[in-house]
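Presented below is the structure to which this report refers.
The values are calculated or read from the model by the stated rules, or taken from the named source; none is laboratory data. Being a predicted model, the structure only gives us computed values, none of them experimental. Neighbour counts are summed over all protein chains in view; Cβ atoms, including those assigned to glycine, are modelled from backbone coordinates with ideal geometry.
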């Protein structure tokens, strides 16, 4: 049986001059808060937006999926921090999402983290639901992939050289 979560929102007024309020949620953990058209288009407004809520949900979902993948692969992450950025463009809608993940885990090889994070991005339920939006993953603690490939090639060359010297 599927789990369902509900929220109740009230909107009063028109799009440009109206105001919305999140009234309740299934868990009761979301506080009552307000949102407006202006808060959707201006980050300096002291109210939330659907995109901010989506960013929070996507960061949480991706973090859980990444933890599941790492633990399933035999790694024990100490801390996973995920920052999500959802971009909204007037007249277009949500244009892209960026997930920035940092993982603290002793001995976790870069290539395992990169592979597991990419798989988590592709398989977390919110990424699947948002398949029509470009989702980018950043792992700032890892070297760019090109550097990893160069390091692997250099390592392979060094290994071949040492085998040739022994022969």
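The table below gives the values:
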item	result
Lone unmet requirement of (1) in contact with a helix residue (DSSP H, G or I) (Cβ under 7 Å, 6 or more places away or on another chain); (2) exposed (fewer than 11 other Cβ atoms within 10 Å of the Cβ); (3) within 24 Å of residue 135 (Cα to Cα) for residue 15	(3)
Test: residue in segment 137-146 that is at pLDDT 95 or above, more than 12 Å from the chain's Cα centre (by Cα) and exposed (fewer than 10 other Cβ atoms within 10 Å of the Cβ)	yes
Candidate set: segment 80-120, residues that are part of a loop (DSSP other than H, G, I, E, B) and out of contact with any helix residue (DSSP H, G or I) (no Cβ under 8 Å at 6 or more places or on another chain); chosen: the one nearest to residue 138 (Cα to Cα)	109
Exclusive hit being loosely packed, with under 12 Cβ neighbours inside 10 Å, closer than 24 Å to residue 137 by Cα, touching a residue at least 12 places away in the same chain (Cβ under 8 Å) and over 18 Å from the mean Cα position of the chain (by Cα), set 6, 76	76
So residue 90, is it assigned by TED's automatic domain parsing to the domain that holds residue 134, touching a residue at least 40 places away in the same chain (Cβ under 8 Å) and over 22 Å from the mean Cα position of the chain (by Cα)	yes
Residue 81 within 21 Å of residue 121 (Cβ to Cβ) and surrounded by fewer than 14 Cβ atoms within 10 Å (Cβ to Cβ)	yes
Sole residue being assigned by TED's automatic domain parsing to the domain that holds residue 116 and over 16 Å from residue 101 (Cβ atoms), chosen from 72, 14, 63	72
The lone exception for residue 28 - which of (1) over 26 Å from residue 133 (Cβ atoms); (2) at pLDDT below 95; (3) surrounded by 15 or more Cβ atoms within 10 Å (Cβ to Cβ) it fails	(3)
